[in-house]
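Report on the structure given below.
The values are calculated or read from the model by the stated rules, or taken from the named source; none is laboratory data. Keep in mind that this is a model prediction, so the values were computed, not measured. A quick note on method: Cβ atoms are made from the backbone with ideal geometry, for glycine too, and the neighbour counts reach across all protein chains shown.
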Amino acid sequence: MRDMNQFSRKKVYEEKQKYPNVIKTRSNEEIEEMIDDLLQKMTLREKIGQMYQMVRGANPFGSKLVERSFEESVKNGDTGITLGIKGWENTFKYQKMAVEESRLGIPLLFNADIIHGCDTIYPVPLGFACSFDMEAVEKAARMAAIEATAAGVHWNNSPMIDVSRDPRWGRCTEGVGEDPYLGQELAKAQIKGYQSNENGKRHYMMACAKHFVAYGASDGGRDYNTVSISERDLRETYLPPFKAAVDEGVDSIMPAFTTYSNTPATANQYLLKNILRDEYDFDGIVLTDYTAVTELIAHGAAKDEEEAARLSIDSTVDVEMVSDCFLNSIESLVVKGQLSVDQIETSVRRVLRAKIKLGLFDNPYFYIDPDLEDKLKLNPQHREIAHELAQKSMVLLKNDPYKGKKILPLDKNIKSIALIGPLVEEKKIEGAWAFVKDRDSIVTLEEGIKNKLSKECKIYKSKGCSADGSDLETAEESIRDAVNEAKKADIILLALGEVKEMSGEAKSYSRIGLPGAQRRLAEEIMKLGKPTALVVFNGRPVILDWYDQNIPAILEAWFPGTEGGNAVASVLFGEYNPSGKLSMSFPYCEGQIPVFYRRLKTGRPHEDKPEDRFRSKYEDVSNHPLYCFGHGLSYTEFQYSEIVLSHQELIKDGSITASIEVTNRGDVKGTETVQLYIRDLHSYGLSRPVKELKSYQQITLNPKEKAKVEFVINEEMVKFYDRNMKYTTEKGVFELYIGTSSDNNQKARFEYV
Ligand code: GLC
């Protein structure tokens, strides 16, 4: 019987103490010498092992089962990187196995998906993108890194920085929304948060920018589908966040499952070698996505595993995730001269360099600390960080007066309230890519509301129907119950939306209205003629046209995470004045998709004139989304002055200062995200977007306070890929727009001369 206390807390600290508890600082030369020394000792098989990332146990995602034991692979050096293992019990066990039982004792790298929080979960990325607050995003990412590294994870498959304009694609929930500029900012903020050198790099977690590239452009919004975009789309829309990630020093990149120009990204030399390695000068680790090397065969781009391995490595992939083409094929490819040992050693160097820089050769247990792990996870400071970002991520979509009075913010002294809907007491509001062990750590909407209300307030509650449509047959009865409960209250709060499993990977839907009988429930509730507000919990933009027409107040809460209920309640009761701005447009209907602000004008633009006939439009719906990119209301009103330009002309190497005065006309403090868009009115032989976000600033104003906001317009803001795809500038007239959203702003003109 194995001595079980060999994996006890006590044993961890005994082992840790055998090594220095500090990461040695080494020069690059010293690091390369260490690697040279290791490479000389390693067999080819052991080198390949450092290029293979394994999951424990069978491959749960259904593709080719990998018939090899995880533990045997650790012991014989067939794998140097794990996926999804965290927590001191696990990381200590396997690290000890690698260090003590493999021939060279090379420590393992523990990699996992910490997409928006480790134990303390903050909003889904599409949600926190709406905060437009990069400090808050960085702080949350830092918190995630602190919790994850204390749990022994060194490498994170985040940030996911895919731009997407298609809410049918379930993974838009993990990404940056529809705009490349916001995507760049989000990439930088998260990488700064993860790859922090604070307190001796104790909580440094390697980041992995994914999925390189344009996965979010999957045709039809169908996951893993083909991608049909031009080189221009690639460069103007989908690459900018990755360029920003590389410039920010991201340690690794993950190619997408999808293709570019019909070549799978995993074996796409143009993307990985020409652009990423050569043009961006990226020398970090390229880690494939899950079984993506094997999937080259399904793509029809490789005839067998050997060809798949060769194509990937020739494209400068370094590490294969889960499928074992590299392990099965590289030795024979080297023998046949179809791969060189140099190529293999280049990749192995990158992996060993990461391990040395993380200090794993100084102390393989450096990141493993049971007491610290327990102390850090879900602590009050972390909850506060999650709570703050959740508040800032919420978007007030609508807040019209009802019988002359606005329903939101709610009055804490209300005598009664009805909480109606399937999301009222739902605990699973953390989003698709969050792995919550302690379900009770999540604060529901009901709990959050109760934390705010006086004990005298009478709370009526009814689920009304399920959020996943599983009760369509019996819903009429539960809807009647809900109506009967709602009748008793002075005010009604509807809590509707998706369930956690409805967005995320492999969750594409052709219809994205609120599932099941939720619309029926809302229809019956609205017939009561009582003041009613709606809170929506969802991972992606959903179809809200009926709700917008019938419900006076609507708050977008996304999947807000651990502190969700408290954060929503603080916004509903006005403790926090909502400041979120949509990171992705909400269409009126699926038929409009893709609908996004950064569109072209076309040769027959539709100007919403009824007499327009032969114009680019639909006969049955507007060209505009229900809620546009950058939209988000406040409990106060921000008034914008005219734009004042310091000059009418922008000269080479010069700049123009555009200033605007913003006044808080209401009686509550509020934060406004002032957005700057630019439009190139004419380019020689090229149609340019009607607007492009180029900058934004957040200002917080007290009631009646005003502030001047200034933007410096420079040459970089007017650069573009000309008709020959040359990144350049061109003289001409530009319009600039400054305002509260992409379709509500002041306008001014300048000329680049
Ligand atoms: C998944 C995802 C990727 C993730 C990886 C490991 O299929 O595409 O984003 O990091 O597998 O879980």
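Here are the numbers:
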| read-out | value |
| --- | --- |
| Some residue of region 93-102 being within 26 Å of residue 147 (Cβ to Cβ), modelled with pLDDT under 95, away from the ligand (no atom under 16 Å from the Cβ) and of a type in the set (Val, Ile, Thr) | no |
| Leading residue by the ranking (farthest from the chain's Cα centre (by Cα)) among those in region 229-259 that are of a type in the set (Asp, Glu) and away from the ligand (no atom under 16 Å from the Cβ) | 231 |
| Failed item, numbered, when residue 389 is tested on (1) out of contact with any Pro (no Cβ under 7 Å at 6 or more places or on another chain); (2) among the aliphatic types (A, V, I, L, M); (3) within 30 Å of residue 212 (Cα to Cα) | (1) |
| Every residue from region 374-398 that is buried (at least 18 other Cβ atoms within 10 Å of the Cβ) and assigned to a helix (DSSP H, G or I) | 376, 382, 383, 385, 386, 387, 388, 389, 390, 391, 392, 393 |
| Some residue of region 611-619 being touching a helix residue (DSSP H, G or I) at 6+ places or on another chain (Cβ under 9 Å) and surrounded by 20 or more Cβ atoms within 10 Å (Cβ to Cβ) | no |
| Of the criteria (1) under 16 Å from residue 164 (Cα atoms); (2) away from the ligand (no atom under 14 Å from the Cβ); (3) within 20 Å of the chain's Cα centre (by Cα), which one residue 226 fails | (3) |
| Unique residue being charged (D, E, K, R), within 13 Å of the ligand (Cβ to nearest atom) and farther than 20 Å from residue 343 by Cα when the list is 295, 198 | 295 |
| Matching residues in region 444-456 - criterion: being of a type in the set (D, E, K, R) and outside any loop (DSSP other than H, G, I, E, B) | 446, 447, 450, 452 |
| Scope region 114-135; condition out of contact with any Phe, Trp or Tyr (no Cβ under 6 Å at 6 or more places or on another chain) and within 16 Å of the ligand (Cβ to nearest atom); matching residues | 114, 117, 118, 125, 126 |
| Where a residue in region 81-96 is part of a loop (DSSP other than H, G, I, E, B) and its partner, wherever it lies, is within 16 Å of the ligand (Cβ to nearest atom) and among the acidic types (Asp, Glu), with Cβ under 8 Å and at least six apart | 84/113 |
| Residue 191 in contact with a Phe, Trp or Tyr (Cβ under 9 Å, 6 or more places away or on another chain), aliphatic (A, V, I, L, M) and under 18 Å from residue 253 (Cβ atoms) | no |
| Selection count where residues are exposed (fewer than 15 other Cβ atoms within 10 Å of the Cβ) and in contact with a helix residue (DSSP H, G or I) (Cβ under 6 Å, 6 or more places away or on another chain), scope region 680-720 | 0 |
